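> This is the structure, below, for whatever I ask next.
The values are calculated or read from the model by the stated rules, or taken from the named source; none is laboratory data. Note that the structure is predicted; figures quoted are calculated from it, not measured. Positions of Cβ are backbone-derived with ideal geometry, glycine not excepted, and every protein chain shown enters the neighbour counts.
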């Protein structure tokens with residue numbers, strides 16, 4: 001009986017102990033899995049009170065802020081994670097994503113460049129860097145990244161869509177139409193892709209593609225892409 005009482009006291013003592021920084025981080029990650037971003041941030045902050053240089057907690061807190069669309073707040077948190085552990089690609093990649101959302105394209109490309117140096121196998125980096133390069137109107141470099149992403153997984157509708165946009169920027173409407181056709185074949189709900197495809201058909205090929213172009217524009221409008229209506233009213237009625 002005495003032995004059981006001692007064990008009970010020990011158990012009560014363990015339950016009463018403050019959680020470690022590792023336990024707080026793990027619980028925060030569980031809260032992120034449940035999409036409880038504020039709860040996760042609170043737990044990461046508690047872990048950071050114990051160890052302000054916990055790179056995992058900093059990166060995870062930045063990711064939670066990113067999910068809340070607090071991109072400006074996320075950037076310095078990712079920076080602190082990088083300063084704590086510059087050898088992990090994750091915080092570089094995540095800061096690049098936050099910079100991409102803020103349209104800080106040059107900074108995003110710089111972050112993605114470092115992420116690829118640290119882990120070239122992470123193919124998401126190439127697609128996201130392609131988006132940043134597209135935002136900078138660096139179309140040829142963007143195409144290289146989109147092609148790299150498609151080598152790994154060819155059936156990515158958004159990659160084909162943005163590749164089509166880069167090809168249009170690079171004055172290559174023929175290949176742009178092929179890329180946009182691939183995009184709508186893979187994702188029939190992309191109204192913007194149907195719109196660009198229709199506009200490109202009619203702008204580049206004129207009357208010979210008018211019927212197909214109008215069909216694309218009408219599909220775009222049906223999917224809620226309202227910019228198609230002006231083209232339909234002007235050229236398809």
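> Among the residues of the range 222-237, how many are in a helix (DSSP H, G or I) and more than 13 Å from residue 190 (Cβ to Cβ)? Walk me through it before giving the result.
We begin by selecting, within the range 222-237, every residue in a helix (DSSP H, G or I); these are 222, 228-236.
Cutting the leftovers down to more than 13 Å from residue 190 (Cβ to Cβ) gives us 229-236.
Here the count works out to 8.
> Every residue in the range 126-175 that is without any contact (Cβ under 8 Å) to a residue 24 or more places away in the chain, outside any helix (DSSP H, G or I) and under 19 Å from residue 105 (Cβ atoms), please.
138
> Which one is farthest from the chain's Cα centre (by Cα), of the residues in the range 37-59 that are within 7 Å of residue 25 (Cβ to Cβ) and surrounded by 24 or more Cβ atoms within 10 Å (Cβ to Cβ)?
47
> Out of the range 91-123, which residues are assigned to a loop (DSSP other than H, G, I, E, B), in contact with a helix residue (DSSP H, G or I) (Cβ under 6 Å, 6 or more places away or on another chain) and modelled with pLDDT of 95 or more?
102, 119
> Just checking, does the range 26-34 include any residue being assigned to a helix (DSSP H, G or I), under 26 Å from residue 114 (Cα atoms) and over 21 Å from the mean Cα position of the chain (by Cα)?
No, that holds for no residue.
> Within the range 138-163, track down each residue that is in contact with a helix residue (DSSP H, G or I) (Cβ under 6 Å, 6 or more places away or on another chain) and more than 22 Å from residue 188 (Cβ to Cβ).
139, 141, 142, 143, 145, 148
> Please count how many residues of the range 76-90 are within 19 Å of residue 124 (Cβ to Cβ) and part of a helix (DSSP H, G or I).
Qualifying residue count, the range 76-90: 5.
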